[in-house]
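Okay, structure first, notes after.
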Amino acid sequence: MMVCITAQAPGLDATVEPRFARAPFFIFIETVTGEAHSVANALCGGPGGVGPRAVQFIVEYGAGALVTGRMGEHAVRALRVAAVPAYAFAGESTVAEALEAYRSGALPELS
Amino acid sequence: MRLVVASGKGGTGKTTVAANLAHVLSRSREVVAVDCDVEAPNLHLFFPSPSHEVPVRTPVPAVDRARCTLCGECGHFCRFGAISVLRTEVFLFPELCHGCGGCEYVCPEGAIRDDHRTIGSVRCSRPAPSLTLIGGALDEGEVQAPAVVRYAKRLAAGASLAIYDAPPGIGCTVIETLKGVDACLLVTESTPFGVHDLELAAAVVRQFGLPTGVVINRSDGEDGETRKACRELELPVLMTIPFDREIATVQNRGGLIAREHDGWHRRFSALFDDTCRMGGGA
């Protein structure tokens, strides 16, 4: 399964970005192999309506779960339709630490 | 003749000027006054009368699920996030849709057609024998204010004399109001904010090449900075309304100074003549 974690920069050492659709980078990690891909978020500076578009983007990329800080109502509804669960991660930690917390099942579901 | 009353800064007195002009002119000819401030309409407060309401509708996509192959073209095209393809479903956010029809255009399967939904309304009334009032109102939570402005203006299309009360600012709704008009009055006040926003509004109006004059409202008699700005902008000051308790009193009970004082009736009549002359018209 592939999990998407929002980040301020590419790579597993980057700091987690609390905003979902306006995150500079999406880090896609294959939970079984640990293989990671960092993708710049073309929507992060968009004027509006970026939530559903970001959901569409990560769903098309193959994400089966999302770890982020917070998101808007449109993104929440779009994720629900796509049946992609989102988990809340707070604090100034790295993507690797967020991944660890996700794997341990410690993160509460965002809704 | 189509005249816009605009301002840049909010609360300078656009509606005061538009309402008084509409009243004065309707004494001698047929006038249509259009409230284009669809996010906070208030021109009707000066002309209470029964009205009828017409809904304003806008196109919104409807997806034929039988034809849709979930290819994602529509979702990639829409820059407003109004239509998204999410695994097994095409999902719509109608309130984000700007009604451009792009999704319908790019759909390779012909699975999208226009549906319609209501985003606001336009109220029409006849508060005086020669005065028609048309006021647009955008529904709460909606974004397509220019569509409501466009619709309100269309209802006034046949009028030989129309006065448009513009929204504040210099955004899309103001641009929509300014389209196809013959002259513009910019209402300002003698404050640094007033001057600053007058300059912004003048820059927008200049793009339309409109004959433009200025009304200074709530003047405390020290309008040096405002007048200097007008000289630099090459805009004539056509009227000055003083900061006066009696004017405020009339205004606050929904009255019109031009209805209650002959002097102001004459002055607003002259303001219109000067505005027409500015454009070389009658």
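No lab work stands behind these numbers, since they all come straight from the coordinates. From a predicted model like this one, the values you see are computed outputs, not experimental measurements. No Cβ is skipped: glycine too gets one built from the backbone with ideal geometry, and neighbour counts run over all protein chains shown.
In the stretch A:8-103, what % of DSSP beta bridges are antiparallel (nearest 5)? Don't jump to the answer; show the numbers that get you there.
On the way: 6 of 10 bridges.
Percentage antiparallel, nearest 5: 60.
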Rounded to the nearest whole number, the Stokes-Einstein translational diffusion coefficient of chain B at 4 °C and 1.567 mPa s (Kirkwood radius, C-alpha pairs) in µm²/s is 64 µm²/s
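Tell me what chain B gives for mean residue ellipticity at 222 nm when only DSSP H runs of n ≥ 4 count, each as -39,500 (n - 2.57), the sum divided by the residue total, rounded to 500 deg cm²/dmol.
Details: 10 runs with 96 residues, N = 282.
Dividing the helical sum by the residues of chain B leaves -10000 deg cm²/dmol.
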Rounded to the nearest 500, the 222 nm mean residue ellipticity computed for chain A from DSSP H runs (n ≥ 4, each -39500 (n - 2.57)) alone is -8500 deg cm²/dmol
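State the antiparallel share, in %, of DSSP beta bridges confined to the protein assembly as shown, rounding to the nearest 5. Don't skip to the answer; put the middle values down first.
Values: 39 of 73 bridges.
Looking only at bridges with both residues in the protein assembly as shown, the antiparallel portion is about 55 percent.
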Using the Kirkwood radius built from alpha carbon pairs, what does the Stokes-Einstein equation give as D for the stretch B:65-110 at 25 °C and 0.890 mPa s, in µm² per second? 232 µm²/s
What nm value, rounded to one decimal, do you get for the distance between residue A:30 and residue B:29 when each label is placed 7 Å out toward the C-beta? 7.7 nm
Net +/- balance of residues flanking residue B:276 in space, Cβ distance below 13 Å, scoring K and R +1, D and E -1: 0
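How large is the charge dipole for chain A, taken about the Cα centre, if only the Cβ atoms of Lys, Arg (+1) and Asp, Glu (-1) carry charge, to the nearest 20 debye? Before the final figure, lay out the partial values.
Values: 7 positive and 10 negative charges, 91 e Å.
Dipole magnitude for chain A comes out near 440 debye.
Provide the net charge surrounding residue A:9, with neighbours chosen by a C-beta distance below 15 Å and charges set as Lys +1, Arg +1, Asp -1, Glu -1.
Working: positive: A:19, A:22; negative: A:13, A:17, A:92, A:97.
For residues surrounding residue A:9, the net value is -2.
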If R0 is 56 Å, what FRET efficiency do you get for residue B:126 and residue A:9 from their C-beta distance, rounded to 0.05? 0.30
Average beta carbon contacts from partner chains per residue of B:70-82, 10 Å cutoff: 4
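To the nearest 0.05, what FRET efficiency results for residue A:103 and residue B:114 with a Förster distance of 56 Å applied to their C-beta separation? The partial results should precede the final answer.
Numbers: r = 47 Å, r/R0 = 0.84.
Between residue A:103 and residue B:114 the formula returns 0.75.
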Once Lys and Arg get +1 and Asp and Glu get -1 on their Cβ, which of A:98, A:75, A:108 lies farthest toward the positive end of the dipole of chain A? A:75
Proximal lysine pairs in chain B, meaning Cα under 21 Å and 8 or more positions apart or interchain, come to 5
Magnitude of the Cβ-charge dipole (Lys and Arg +1, Asp and Glu -1) of chain B about the Cα centre, nearest 20 debye, reported as 580 debye
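With +1 assigned to the C-beta of every Lys and Arg and -1 to the C-beta of every Asp and Glu, and no other charges, what is the dipole magnitude of the protein assembly as shown about the Cα centre in debye, to the nearest 20?
On the way: 36 positive and 44 negative charges, 233 e Å.
Computed charge dipole of the protein assembly as shown: roughly 1120 debye.
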Kirkwood hydrodynamic radius (C-alpha pairs) into Stokes-Einstein, the stretch B:140-222, 20 °C and 1.002 mPa s, D in µm²/s: 152 µm²/s
The base-10 log of I(q)/I(0) that the Debye equation returns for the protein assembly as shown at q = 0.09, 0.10, 0.13 Å⁻¹, one scatterer per C-alpha, is -0.69, -0.77, -0.97
